[in-house]
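Notes to accompany the following structure.
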């Protein structure tokens with residue numbers, strides 16, 4: 001389970017803000033942030049050290065691509081390509097529109113474990129559905145705040161509603177207020193009212209739609225932005241701010257759950273340096 005919060009064209013000074021929590025098994029090896037591609041365009045992001053790829057990729061031009069997984073009753077299919085390749089493929093482009101068009105042309109959902117993606121830059125944002133059908137489904141999204149969890153974008157979701165309520169009016173505030181609000185939400189452990197002692201549902205391999213075999217039960221704690229269970233939880237957190245000018249994005253990463261791990265400034269990676277507090 002993962003969480004993406006994207007504020008697109010809300011603040012003219014920072015036209016793209018992305019907040020991301022990566023939720024995963026605690027024993028799965030990963031690197032919270034590194035240089036993923038050292039050629040033009042340079043790409044930074046987290047690296048899945050087990051299957052390869054990434055959950056969030058940012059390039060020097062200001063293109064940011066992230067994904068969430070569609071849960072499966074049987075887990076991921078090891079015979080398929082890792083979906084972590086997809087954000088990397090998107091971030092190889094100099095703009096989000098070209099990235100989305102390329103994925104729609106060259107990639108096929110059947111080759112990957114199912115996922116949903118968001119890719120944006122200073123002027124546009126696109127949602128890409130890689131879960132069903134012969135071709136990716138690409139949708140252009142308007143300005144505003146978009147929240148993606150492990151359900152289709154726009155589907156009824158107690159977690160999405162909860163995240164939006166936590167962010168509140170700060171979603172429409174100036175840069176520092178918006179960045180602080182996103183960071184604060186990523187650190188939050190609360191669950192929606194009415195779910196404190198129950199279970200939540202997520203669409204499974206068969207897509208839900210009233211099919212009991214297509215709905216997965218998950219602990220209500222996974223409805224929190226920052227997730228903690230015995231063997232699974234929020235492993236790292238990222239905040240990306242793309243400025244209105246042509247400068248590189250600002251990137252902050254917490255190597256661990258953001259409630260306890262400090263966000264470090266990883267912007268130095270654009271110049272070949274290391275993350276710094």
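When you scan the stretch 71-86, do you find a residue that is in a strand (DSSP E or B), surrounded by 18 or more Cβ atoms within 10 Å (Cβ to Cβ) and in contact with a strand residue (DSSP E or B) (Cβ under 9 Å, 6 or more places away or on another chain), even just one? No, there is no match, as no residue in the stretch 71-86 is in a strand (DSSP E or B), surrounded by 18 or more Cβ atoms within 10 Å (Cβ to Cβ) and in contact with a strand residue (DSSP E or B) (Cβ under 9 Å, 6 or more places away or on another chain). Residues of the stretch 211-223 that are surrounded by fewer than 23 Cβ atoms within 10 Å (Cβ to Cβ) and either modelled with pLDDT of 95 or more or in contact with a strand residue (DSSP E or B) (Cβ under 6 Å, 6 or more places away or on another chain) (or both): 215, 216, 217, 218, 220. Counting only strands (runs of 3 or more DSSP E) wholly contained in the stretch 226-277, the ones carrying 2 or more residues that are surrounded by 14 or more Cβ atoms within 10 Å (Cβ to Cβ) and more than 15 Å from the chain's Cα centre (by Cα) occupy 232-242, 263-265. Residue check: residue 99 meets all listed conditions (1) modelled with pLDDT of 95 or more; (2) in a helix (DSSP H, G or I); (3) more than 14 Å from residue 65 (Cβ to Cβ) but one, namely (3).
Per the conditions (1) touching a helix residue (DSSP H, G or I) at 6+ places or on another chain (Cβ under 7 Å); (2) modelled with pLDDT of 70 or more, the sole criterion not satisfied by residue 204 is (2).
Go through the residues of the stretch 135-146 one by one and say whether even a single one is under 19 Å from residue 85 (Cβ atoms) and part of a loop (DSSP other than H, G, I, E, B). There is at least one residue in the stretch 135-146 that is under 19 Å from residue 85 (Cβ atoms) and part of a loop (DSSP other than H, G, I, E, B). In the stretch 1-15, the residue that is nearest to residue 124 (Cα to Cα) out of those that are outside any strand (DSSP E or B) and touching a helix residue (DSSP H, G or I) at 6+ places or on another chain (Cβ under 9 Å) is 13. Residues that are free of Cβ contacts under 8 Å to residues at least 24 places away in the same chain and assigned to a strand (DSSP E or B) were ranked within the stretch 16-54; the one that is surrounded by the most Cβ atoms within 10 Å (Cβ to Cβ) is 47.
Would the stretch 228-244 turn up any residue that is touching a strand residue (DSSP E or B) at 6+ places or on another chain (Cβ under 9 Å), more than 29 Å from residue 48 (Cβ to Cβ) and modelled with pLDDT of 95 or more? Talk me through it step by step, then tell me what you get.
Step one: of the stretch 228-244, the residues touching a strand residue (DSSP E or B) at 6+ places or on another chain (Cβ under 9 Å) are 228-229, 231-244.
Retained after the next criterion (residues that are more than 29 Å from residue 48 (Cβ to Cβ)): 244.
After this cut, where a residue has to be modelled with pLDDT of 95 or more as well, the list is 244.
Yes: the stretch 228-244 contains one or more residues that are touching a strand residue (DSSP E or B) at 6+ places or on another chain (Cβ under 9 Å), more than 29 Å from residue 48 (Cβ to Cβ) and modelled with pLDDT of 95 or more.
A count restricted to the stretch 178-195 and to residues that are at pLDDT below 90 and farther than 16 Å from residue 226 by Cβ stands at 2. If residue 155 satisfies all but one of (1) at pLDDT below 95; (2) in a loop (DSSP other than H, G, I, E, B); (3) farther than 21 Å from residue 129 by Cβ, what's the number of the condition it fails? Of the numbered conditions (1) at pLDDT below 95; (2) in a loop (DSSP other than H, G, I, E, B); (3) farther than 21 Å from residue 129 by Cβ, the odd one out for residue 155 is (3).
Checking each residue in the stretch 108-123 for being surrounded by fewer than 19 Cβ atoms within 10 Å (Cβ to Cβ) and closer than 27 Å to residue 8 by Cα picks out 108, 123.
The values are calculated or read from the model by the stated rules, or taken from the named source; none is laboratory data. Here the structure is a predicted model, which is why all the values come from computation and not from measurement. We place every Cβ from the backbone using ideal geometry, glycine too, and count neighbours over all the protein chains shown.
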